[in-house]
Amino acid sequence: MHKVVLLIGGNLGDRYVNICRAEEYLSAELQGVAKSSIYETAAWGGNSQGDFLNRVLLFETSKTPMEVLRFCQSVEQTLGRLRDLKWGNRTMDIDILYYDDEVLELPDLIIPHPFIRQRRFALVPLAELMPGFRHPVLQRTQAELLQDTADKTEVSKWHLPPE
């Protein structure tokens, strides 16, 4: 079995429900191992408005990286994702951050995710979930990458509002 680390999140619709539904769909074909807290972050990349909710999930799978990618894209589509604007608003975005400690560069998939060290919204939950895991290219732990990132965007733990 392979370990795959996913970052899920979105800023449209009921963000919490979308995260729960994404986890449910992903767990139908991937074996859940661990998950971070949910974090709220301002939009990143310049083409979206509204705060995002994000979470890192760790799964085990026998799927290949491309099979995981296709499956994640089908989950995004099921949850209403439209791919009309890079880094735009979305109901759900699922990024493969790591697949074991593999390094992979294909036209449609780069692992580890090429923007990890520039995205505090990915590094905060990664550092919570797996602080000692070393980036296979940079040879820095997730905690070290978080400490070193130039991204100063505020990332705060999100809690379900009281009823």
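Based on the mean of other beta carbon atoms within 10 Å per residue, what is the order of 110-123, 21-34, 147-160, most packed first?
110-123, 21-34, 147-160
Give the Rg/Rh ratio for the chain, taking Rg as the radius of gyration of the Cα atoms and Rh as the Kirkwood radius, to two decimals.
On the way: Rg = 14.7 Å, Rh = 15.9 Å.
Using Cα coordinates only, the ratio equals 0.93.
Bear in mind that the values in this text are calculations on the coordinates, not laboratory data. The shown structure was predicted, so the numbers you read here are calculated from the model rather than taken from an experiment. Ideal geometry is used to build each Cβ from the backbone, glycine not excepted, and the neighbour counts take in all protein chains shown.
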